Amino acid sequence: MKRLVSGIKPTGELTLGNYIGAIKQFVKLQNELPDTEFFIFIADLHAITTPQDKQLLKKRVRDIAAYYIACGLDPNRVNLFVQSEVMEHAMLGYIMESTAYINEMERMIQFKEKRTSQTEGVRTSLLTYPALMAADILLYDASIVPVGEDQTQHLELTRTLAQRFNHLYGDTFVIPEGHVTKVGAKIKDLQEPTKKMSKSEGLSQKSYILLEDNLNQIKNKIKSAVTDSDTKIYFDEVNKPGISNLLTIYSAITDTPMSDIVDKYKDETSYAGFKSDLAEIVAEHIGQIQENYKTLMASNTLDDILDTGAQKASMYAQRKILKILSKMGLKRKK
Ligand code: TYM
């Protein structure tokens with residue numbers, strides 16, 4: 001059986017970017033790949049590469065777990081768990097640090113960007129983060145890893161480390177493939193549409209949509225998204241980044257081909273009607289997710305789901321780590 005792995009870091013509330021680039025893909029693939037086992041987790045160990053408030057971290061871990069299910073992941077179909085509850089992630093993370101070279105880590109774009117935004121000391125784990133991410137993937141012999149565009153460099157490094165390890169110690173790891181959606185792999189900031197939508201990097205709250213925003217806020221953020229002064233609606237990322245980002249969101253949320261949307265609005269003489277339609281579409285879509293989230297939170301089933309997920313993931317991870325240690329000469333017996 002093939003396996004799929006992916007995760008999200010609980011460093012901020014989930015954005016529309018996380019939803020379209022990652023979670024919506026997990027849900028789609030869950031239905032498209034019946035013969036693949038899914039391991040979807042909350043990457044809490046990755047969160048502590050930068051300072052976190054304890055209570056907030058705890059809340060966000062639960063929230064992401066609940067939103068995964070509210071967005072359509074089926075806990076009976078997917079192993080859903082919290083990364084730190086499966087100890088082998090940290091152990092294989094160290095082994096991957098002992099496979100990777102420092103200059104490979106220093107080359108990572110996210111490290112270069114994030115180190116400059118740190119006000120306190122830069123933690124060592126911010127540098128070694130991609131080794132842990134490689135471990136998350138290789139621990140489960142994943143062949144497919146759905147991620148947004150900003151994670152592709154980390155995934156490429158994962159492949160390099162897996163190949164290096166296999167070369168050093170013999171065939172051990174499956175070489176994973178990234179799965180990046182064609183529409184929505186990089187949802188842009190609504191105010192600065194050349195930048196990625198991100199809660200931590202947005203200039204103001206109008207830059208991003210959160211899954212937990214109230215529906216009026218969502219509509220207003222879309223209606224006040226920055227667009228160019230032309231009035232024609234068509235896709236051109238270079239010259240019309242704002243309207244292209246909104247078209248991308250429309251296409252991704254409604255699963256409609258871009259050309260159909262452009263065709264629908266081709267006679268419009270302003271952006272207002274299109275923005276207003278999109279505002280309703282996104283608010284309705286997120287509104288449904290919020291309803292599911294509330295029902296789930298009221299049901300007290302979340303802990304059972306996460307306990308079961310961690311147990312199943314641990315079973316796989318424990319078996320795998322023993323094989324890895326043995327390959328490296330780190331197992332005393334046999
Ligand atoms: P993170 O937590 O930053 O983001 C989670 C997922 O959301 C995607 N994403 C976006 N996609 C489209 N448009 C955006 N604006 C946008 N913003 C975020 C990200 O690409 C990602 O897929 N290192 C990872 C978490 C991780 C992981 C893993 C992922 C840890 N271990 C193993 C896959 C496999 C991260 O920080 O993602």
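The values are calculated or read from the model by the stated rules, or taken from the named source; none is laboratory data. What you see is a predicted model, and the numbers here were worked out from it, not measured in a lab. Cβ atoms come from the backbone with ideal geometry, glycine included; neighbour counts cover every protein chain shown. These accessible areas exclude ligands, DNA and RNA; they are computed on the full protein's heavy atoms, side chains included. Shrake-Rupley method; radii C 1.70, N 1.55, O 1.52, S 1.80 Å.
Summary table
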| item | result |
| --- | --- |
| Residue in segment 126-145 that is farthest from the ligand (Cβ to nearest atom), counting only those that are open to solvent by less than 10 Å² (accessible area, probe 1.4 Å), within 19 Å of Gln30 (Cα to Cα) and not in a helix (DSSP H, G or I) | Tyr140 |
| Answer residue from segment 198-240, given it is of a type in the set (A, V, I, L, M) and exposed (fewer than 13 other Cβ atoms within 10 Å of the Cβ) and is nearest to Leu14 (Cα to Cα) among those | Leu203 |
| Residue pairs meeting the criteria (Cβ under 9 Å; at least 6 apart or on separate chains; first at pLDDT 95 or above, in segment 1-12; second aromatic (Phe, Trp, Tyr) and open to solvent by 30 Å² or more (accessible area, probe 1.4 Å)) | Arg3/Tyr316 |
| Residue match in segment 1-23 (condition: of a type in the set (D, E, K, R), surrounded by 18 or more Cβ atoms within 10 Å (Cβ to Cβ) and in a strand (DSSP E or B)) | yes |
| Filter result for Gly273 (in contact with a Phe, Trp or Tyr (Cβ under 9 Å, 6 or more places away or on another chain) and assigned to a loop (DSSP other than H, G, I, E, B)) | no |
| Index of the failed condition, Val226 passing every other in (1) free of Cβ contacts under 8 Å to residues at least 12 places away in the same chain; (2) assigned by TED's automatic domain parsing to the domain that holds Phe274 | (1) |
| Enumeration of residues in segment 107-125 that are within 11 Å of the ligand (Cβ to nearest atom) and in a loop (DSSP other than H, G, I, E, B) | Met108 |
| Test: residue in segment 87-105 that is farther than 22 Å from Glu177 by Cβ and within 12 Å of the ligand (Cβ to nearest atom) | no |
| Members of segment 146-188 found to be surrounded by 22 or more Cβ atoms within 10 Å (Cβ to Cβ), farther than 20 Å from Phe38 by Cβ and more than 10 Å from the ligand (Cβ to nearest atom), listed by number | Leu161, Phe165 |
| Residue count for segment 146-159, restricted to those that are under 12 Å from the mean Cα position of the chain (by Cα) and assigned to a helix (DSSP H, G or I) | 4 |
| Test: residue in segment 107-114 that is closer than 19 Å to Lys327 by Cβ and modelled with pLDDT of 95 or more | no |
| Within segment 1-19, tally of residues that are within 9 Å of the chain's Cα centre (by Cα) and more than 6 Å from the ligand (Cβ to nearest atom) | 1 |
| Segment 61-111: number of residues that are touching a Phe, Trp or Tyr at 6+ places or on another chain (Cβ under 7 Å) and of a type in the set (Val, Ile, Thr) | 3 |
| Filtered residue count, segment 89-109, keeping only those that are within 29 Å of Ser314 (Cα to Cα), under 21 Å from the mean Cα position of the chain (by Cα) and open to solvent by 20 Å² or more (accessible area, probe 1.4 Å) | 1 |
| Residue identified as farther than 22 Å from Tyr19 by Cβ and open to solvent by less than 60 Å² (accessible area, probe 1.4 Å) among Ala279, Ala313 | Ala313 |
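Conditions (1) assigned by TED's automatic domain parsing to the domain that holds Ile286; (2) open to solvent by 30 Å² or more (accessible area, probe 1.4 Å); (3) of a type in the set (A, V, I, L, M, F, W, C); (4) touching a Cys at 6+ places or on another chain (Cβ under 9 Å), marked per residue:
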site: Lys28; (1), (2), (3), (4): no, yes, no, no
site: Thr36; (1), (2), (3), (4): no, no, no, no
site: Val78; (1), (2), (3), (4): no, no, yes, no
site: Ser84; (1), (2), (3), (4): no, yes, no, no
